[in-house]
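What follows is a set of notes on a single structure, which appears directly below.
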Amino acid sequence: MYDHDQVKMTDMHYGKDRPPAENPLKIEDLTFRDGHQSLFATRGRTEDMIPVAEMMDEVGFWAMEVWGGATFDTMHRFLNEDPWQRIRTLKKYIKKTPFSMLLRGQNLVGYRNYADDVAAVFVERAAANGIDIFRTFDALNDYRNFETVVPVIKSSGKHFQGCICYSITEARLGGNVFNLEYYKKKALELQTMGADSICIKDMASLLAPYDAYRLVKELKKLVSVPIHLHSHFTSGMAPMTLLKAAEAGVDIVDTCMAPYAYRTSHTAIEPLVMTLLGTNRDTGFDIKHLAAIDEILEREILPKYRHLLDDTKVSVIDIGVLLHQTPGGMLSNLVNQLREMDALDKIEQVYAELPRVRKELGQVPLVTPTSQIVGIQAVNNVLFDDESERYKMITSQVKDLCYGLYGKTPVPIYPQLQKKALKDYPRGEVPITCRPAEVLEPELEKARDAVKELTSDIDDVLIYALYPVTGKRFLNWKYGKEKPPEDVKPRTLEDVRAEQELIEKAKAGKLIEKKEKPVPDKGPGLRMFNVFVDGEYFEVGVQEAGGIQQTPYTPDRSTASSSGEKPSVTPSRAVEDAGEKPDGALSPSGDGSAVLAPMPGMVVRYEKQQGERVQQGDTVVILEAMKMENAIKAPVNGTIKSINFRSGDTVSKNDVLCVIG
Ligand code: CO
């Protein structure tokens, strides 16, 4: 196929001035979206993209993915950045290269299907703000979920890229569900819908090189539009997969700049450029120019994000993904979730439960949001089920999936599970078979109304429509109604340097660990003092060394004997008290049942108010953990005595959500 004798690697030919290839492989760069989403929990800030933006524009990428996926969520939730502003800002620096976004079909950039009115306006606004290519996917490959967004993409004059989520149930391509025929059928459906290109979206890094070759060859014969390949590195196969796909004639592939590549992210562009140099698929990219961009990323940008890298393992590949089929972003989320719940030792059980839950839920492909739905349900099953009962805590999203609210699953859901999930389901106990959005009430006017005190800007309204709780909080920050917390502020290189110095000191043995001494019991001779240091207030207890036995009880010395329960040194106790939960929350006297958070998460809302009667099993709180909503039930009959959090509050495991008395 290639005449390797013609590959003359003179210095000149490293640059952009070498003769063009006959069929250059086109490249989409994912650094600004999937790159940091996969490696750094989507925490990349716009200000950290600007230093290389103009240089990136010079590379010659077919497109740059800069938006969509989880960016919209993390920007307004964790970074205090307006997601819409990012597109407009980057457009000022990147004028030639088209912008691509990842659109989750009717889920847009959220985790559920939104109503048609919101979906249509969202796409219209994304186009108006500067998105050129809409990479559109549906987690179930149910293209009825494209019916609202595609006409808007087309009427905005933009590129509709239809995705087929790549999934397998066997070790390789084949079997009864996800076989070659399945993918051919899906590609034809997309072409019929007017796709300008078709993307094979291998989010879980399952596409083996020879399967890619076969798949691309077949699809190239079948459809006339360009074929694009998106294959995560997680399992380690992707560079080989991309190469075999290139040999099979794939038109476009996805890569990242080296510092944002590999692990759960994507193949790096630099080795691919060298691999194809001088062949008929030569990218034509200047390797030195790429290296210059990498240098800036390495030195000035990445130090701020290094701490977010999952450094629990040395290996950059995860062969486990070939067994449990969990996509990259999901893996780190599951590990974090289990760690926060002190249950990291259960990760193997979760891996074993995942395929079981997936099968029972209709062999759904694992991609946002189905990966989260299956992942969290598997976590819930491992943590809360016992031998007598499975699916003890079913998330709202699993219920929605069972109802048909996400669309049609590749194979039917297990009937017993579906029945259990839909018991008392508010929309009804009989699942739907129509296009999911047909049962959704319009949402846009309600959203406009809910934020009208703050803003009438349609982009703001959409932030609220997609994320009512965190979206409202962000709009309050944006319009100065609330002060953004410290933790949404960016880390600076100075912060990083200061930390690095501490680490170096520790490595050199210059940080001395404090020896822990046992705390003696407090005796009746304890005397309390208020101590003020630099404006800080301490309550200090003093007693003679030797403890209880040696100190005779003398009432006149013991001015604070009644506070013997308090710790002898309590820094800023007064300040802490002010921020504590309402009195009686912990009901130490035992006059109520505390409803505990079974997992760390965010309070979405209380379904019951203070003073309201509840029956055992009634939902009292909706708690969001890893984007999934969990209904927390009343453990007993009674009355809500106290409510300890507000909508939007973050809670830790075992926090008392409310007390029932
Ligand atoms: Co991806």
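The values are calculated or read from the model by the stated rules, or taken from the named source; none is laboratory data. Treat the numbers as computed from the prediction; the structure is a model and nothing was measured. Note that each Cβ is placed from the backbone with ideal geometry, even for glycine, and that neighbours are counted across all protein chains shown. Accessible surface is based on the protein model in full, side chains and every heavy atom, while ligands, DNA and RNA are left aside. Shrake-Rupley method; radii C 1.70, N 1.55, O 1.52, S 1.80 Å.
Would you please name the residue that is nearest to the ligand (Cβ to nearest atom), looking only at residues in region 36-58 that are farther than 17 Å from Arg299 by Cβ and either among the hydroxyl-bearing types (Ser, Thr, Tyr) or touching a strand residue (DSSP E or B) at 6+ places or on another chain (Cβ under 7 Å) (or both)? That would be Ser38. Just one of the numbered conditions (1) under 25 Å from Ile301 (Cα atoms); (2) modelled with pLDDT of 95 or more; (3) among the small types (Gly, Ala, Ser) is not true of Ala465: (1). Evaluate the following for Asp318: is it charged (D, E, K, R), at negative phi and within 16 Å of the ligand (Cβ to nearest atom)? In short, yes.
Of Arg112, Arg86, all but one fail to be modelled with pLDDT under 95 and either touching a helix residue (DSSP H, G or I) at 6+ places or on another chain (Cβ under 6 Å) or not in a helix (DSSP H, G or I) (or both); the exception is Arg112. Annotation note: of Pro271, Pro239, Pro259, the sole residue that is within 16 Å of the ligand (Cβ to nearest atom) and either among the hydrophobic types (A, V, I, L, M, F, W, C) or in a helix (DSSP H, G or I) (or both) is Pro239. The sole residue among Val225, Val216 that is in contact with a strand residue (DSSP E or B) (Cβ under 8 Å, 6 or more places away or on another chain), farther than 18 Å from Val367 by Cβ and either open to solvent by 10 Å² or more (accessible area, probe 1.4 Å) or charged (D, E, K, R) (or both) is Val225.
Looking only at region 18-35, filter to residues that are open to solvent by less than 10 Å² (accessible area, probe 1.4 Å) and either within 14 Å of the ligand (Cβ to nearest atom) or at pLDDT below 95 (or both); which one of those is nearest to Ile252 (Cα to Cα)? Restricting to residues being open to solvent by less than 10 Å² (accessible area, probe 1.4 Å) and either within 14 Å of the ligand (Cβ to nearest atom) or at pLDDT below 95 (or both), the top hit is Glu28. Checking each residue in region 372-399 for being touching a residue at least 24 places away in the same chain (Cβ under 8 Å) and over 22 Å from Ala634 (Cα atoms) picks out Gln372, Ile373, Gly375, Ala378. The helices (runs of 4 or more DSSP H) found wholly in region 306-408 and carrying at least 1 residues that are in the same structural domain as Lys420 (by TED's automatic domain parsing), more than 22 Å from Asn176 (Cα to Cα) and of a type outside the set (S, T, N, Q) occupy 328-340, 347-360, 370-384, 396-403.
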